[in-house]
Every structure is written in C-alpha cells, then in structure tokens.
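Taking it in order: structure first as structure tokens, then the write-up.
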Amino acid sequence: AKRRGGSSWHWYSSNLDAGMQQQVELRTHLQEAIQKEQFELFYQPIVDSLGKPRAVEALVRWNHPDKGYIPPNDFIPLAEATGQIIAIADWVFERTCRDTKALVNAGLDSVSVNFSPLQFYRDDFIENVAATVRDYGIEPGQIVIEITENVFMRDSEHMINLLHQLRELGLRVAIDDFGTGFASLSYLNQLPVDGIKIDRTFISGIDNAGRNSAITRGVLMIAKELGVRTIAEGVETEGEREFVVTHGSDLMQGYLFCRPQPLETVLKWVAEQDK
Ligand code: C2E
Ligand code: CA
Ligand code: CA
Ligand code: CA
C-alpha cells in the first residue's frame, strides 16, 4: 500500500492525476460536511430603485473546519454531479424557511433560494416543498425559487409543469443569470415565471459598454411588456445603479448595497436602512 510513509495523496497520485484525486477527496469531505451539517446560509439584500431593502437571496457556504469558508462555486458543481446536491438542498431549503420569519418580520417581502435542476426530478418534489413551507408557518408567497435557464434543457415540459404547480401553491419563481443560458426572450412569455435576474455579466460596466447596455435595455423593456419583474444583479458602482434604475429595473442586488452576510448581520443592516 502506502510507500515512503507518504500521505494518501502521494499514494493515489501515481494512479490518478492530481485534479481527479482532488475531486475524490472533495467528494468524501462533502459527504462528511453533509453529515456534520457544516453549511451556513448567508443572505444578500435586494433593494428597490429607492434603495429600500425588499428581499434577500440565500447563498450557501461550506464552513470547513480547516479551510474556512468555501464558496458555492467550489463545491456545488461537484455536488450536482454526484447527487450530493439533494441532501445539501434539503438543508438549504429548511434553513431558508426557518429564517424567513425573522426576515419578513424585519420588513422584507420575500426570501429567494437557489434550486438545482436535479431537485426537480425527485418523485416527491412538490410535496416536499409544500410540507417544508407549511412546517415553518410561512406564507408561500414569501419564498422565491431561483432557477437557471438550463433547467429547461432536459425536459422543458416537465419543468414548466412543476413551475405551474409551485405557483399554484403560491410560491414565486425567478429565472437566475438571465441571458447566459438556454432560454431566450422569444419565449419568456411561455414560461410560468414571476421575475428574471439579469446576470452580472450584462450589468458590469454597463454605463460605458455599448453592447451590454443595448441588451440590458432590451431585456428590461420586454420584461416590462410581459409583466415580469426584473432584478439587476452584481451592481457594484453608482454608474451601474443609475443606468439600471433609469431603464426601469425593479430591483437591484450587488456589492454597492451590501455583500452576502450571516442572518444577524443582514437583519441589522436592514434595520439601519430604515432610519
Ligand atoms: P448566483 O445565484 O448568481 O448568486 C449571486 C452570486 O454573485 C453570489 O456569489 C454573490 O455573492 C455574488 N455577487 C452578488 N453581488 C455581487 C457584486 O456586486 N459583484 C460580484 N462580483 N459578485 C456579486 P456566491 O455566493 O459565491 O454564489 C455563487 C453561485 O453559487 C450562485 O450564483 C448560485 O448559482 C450558487 N449557489 C449559491 N447558493 C446556492 C444554493 O443554496 N443552491 C444552489 N443550487 N446553488 C447555490
Ligand atoms: Ca441566484
Ligand atoms: Ca444570479
Ligand atoms: Ca450570476
């Protein structure tokens, strides 16, 4: 087995390349993280055109005992590939619903939560969501489920059917990272959604980049026609804020206003804005 008394990494590295070995290790650590519930939810405020906080988005972090906070982009894709996302998603949705009462009591309308495509292929998907919302005694309309356009890739009919069911329950649905994926403006009116979040890549530098500004203005205009709410994400500068407000974005989210923070910090921030 192990030669030269090296770590297991050395032993494996003769068979597998380092990248693959890292994935195997990450997967094992992730399993442990699920068992030990090493996750935390951060919340990032979403504000209206006057700067008033209206909602928050729940963003998961893995608080690793040695490595500290690991951002979702470093483990969600793997969790999606291994199916571990299901267990993580259950934790995320439970915690979101648990925290929603305090956030709504602070004056917010809703709490947004990210759902992965795989979650929609569970047999008991709708029943599960309904039961969790009920268990925590919150109004379904206080939850906004964020999905990316790629959920429509596998079986768009199935997805559209489920989105209708979620909305019948009273939950709201928003398309995340709009403009980066599969969906297009041409059939936005066929999707049962309440809102779209315009991806940060279209917002970044918008006050001086011609191409992006044309796209974003077009998206905002058509969304308005269709009665779909718009959120501009990744607003970092005053120039970007002014541009999206001028062109009719309903809501905004970004470092200019507030970074994602633990629940208590966000509750304090929201209270501060009221003064
Ligand atoms: P997302 O849904 O597009 O979330 C927004 C990301 O942009 C967050 O990164 C947020 O911290 C970041 N952000 C917000 N404002 C700004 C800004 O002004 N400038 C810049 N540069 N970045 C900004 P985060 O928290 O690292 O999340 C990354 C992605 O991980 C999310 O992107 C989402 O796709 C995924 N994710 C997070 N939590 C969950 C979860 O619970 N479940 C699933 N399935 N995915 C999640
Ligand atoms: Ca999101
Ligand atoms: Ca997003
Ligand atoms: Ca994004």
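Among the residues of segment 158-204, the one identified as of a type in the set (Gly, Ala, Ser), closer than 19 Å to VAL133 by Cα and within 13 Å of ligand 2 (Cβ to nearest atom) is ALA174.
One residue stands out among those in segment 177-220 that are closer than 14 Å to ASN150 by Cβ and away from ligand 3 (no atom under 16 Å from the Cβ): the one that is modelled with the lowest pLDDT, which is SER184. What do you reckon, is ILE88 within 18 Å of the chain's Cα centre (by Cα), within 16 Å of ligand 2 (Cβ to nearest atom), of a type in the set (A, V, I, L, M) and not in a strand (DSSP E or B)? Considered against the rule, which asks whether it is within 18 Å of the chain's Cα centre (by Cα), within 16 Å of ligand 2 (Cβ to nearest atom), of a type in the set (A, V, I, L, M) and not in a strand (DSSP E or B), ILE88 comes out as yes. Per the conditions (1) of a type outside the set (Lys, Arg); (2) within 16 Å of ligand 2 (Cβ to nearest atom); (3) touching a residue at least 12 places away in the same chain (Cβ under 8 Å); (4) over 30 Å from PHE243 (Cβ atoms), the sole criterion not satisfied by ASN63 is (2). Mind listing just one residue for me: the one in segment 205-258 that is surrounded by 14 or more Cβ atoms within 10 Å (Cβ to Cβ) and of a type in the set (Lys, Arg) and, of those, nearest to VAL56 (Cα to Cα)? The qualifying residue nearest to VAL56 (Cα to Cα) is ARG229.
All of (1) more than 16 Å from ligand 1 (Cβ to nearest atom); (2) under 19 Å from the mean Cα position of the chain (by Cα); (3) assigned to a loop (DSSP other than H, G, I, E, B); (4) surrounded by 20 or more Cβ atoms within 10 Å (Cβ to Cβ) hold for ILE138 with one exception: (2). Please indicate, with yes or no, whether at least one residue in segment 40-62 is out of contact with any strand residue (DSSP E or B) (no Cβ under 8 Å at 6 or more places or on another chain), farther than 19 Å from GLY234 by Cβ, at pLDDT below 95 and of a type outside the set (A, V, I, L, M, F, W, C). Scanning segment 40-62 turns up no residue that is out of contact with any strand residue (DSSP E or B) (no Cβ under 8 Å at 6 or more places or on another chain), farther than 19 Å from GLY234 by Cβ, at pLDDT below 95 and of a type outside the set (A, V, I, L, M, F, W, C). Of the set (1) over 18 Å from the mean Cα position of the chain (by Cα); (2) free of Cβ contacts under 8 Å to residues at least 40 places away in the same chain; (3) on the phi < 0 side of the Ramachandran plot, all apply to VAL193 but (1).
Count of segment 42-53 residues, restricted to those that are under 19 Å from the mean Cα position of the chain (by Cα) and more than 16 Å from ligand 3 (Cβ to nearest atom), is 2.
Do we have any residue at all in segment 189-201 that's buried (at least 18 other Cβ atoms within 10 Å of the Cβ), of a type in the set (Val, Ile, Thr) and within 11 Å of ligand 1 (Cβ to nearest atom)? Checked segment 189-201: at least one residue is buried (at least 18 other Cβ atoms within 10 Å of the Cβ), of a type in the set (Val, Ile, Thr) and within 11 Å of ligand 1 (Cβ to nearest atom). Can we say GLU236 is within 16 Å of ligand 1 (Cβ to nearest atom), among the charged types (D, E, K, R) and touching a Phe, Trp or Tyr at 6+ places or on another chain (Cβ under 6 Å)? Judged against the criteria, GLU236 is a match. Sub-6 Å Cβ pairs linking a first residue in segment 94-110 that is closer than 10 Å to TYR43 by Cβ to a second residue that is assigned to a helix (DSSP H, G or I), at least 6 apart or interchain, are ASP99/LEU263, ordered by first then second residue.
Scanning segment 260-275 for residues that are surrounded by 13 or more Cβ atoms within 10 Å (Cβ to Cβ) and either acidic (Asp, Glu) or under 16 Å from ARG200 (Cα atoms) (or both) yields a single hit, PRO260.
The values are calculated or read from the model by the stated rules, or taken from the named source; none is laboratory data. As the structure is a prediction and not an experimental result, all values here were calculated from the model. Positions of Cβ are backbone-derived with ideal geometry, glycine not excepted, and every protein chain shown enters the neighbour counts.
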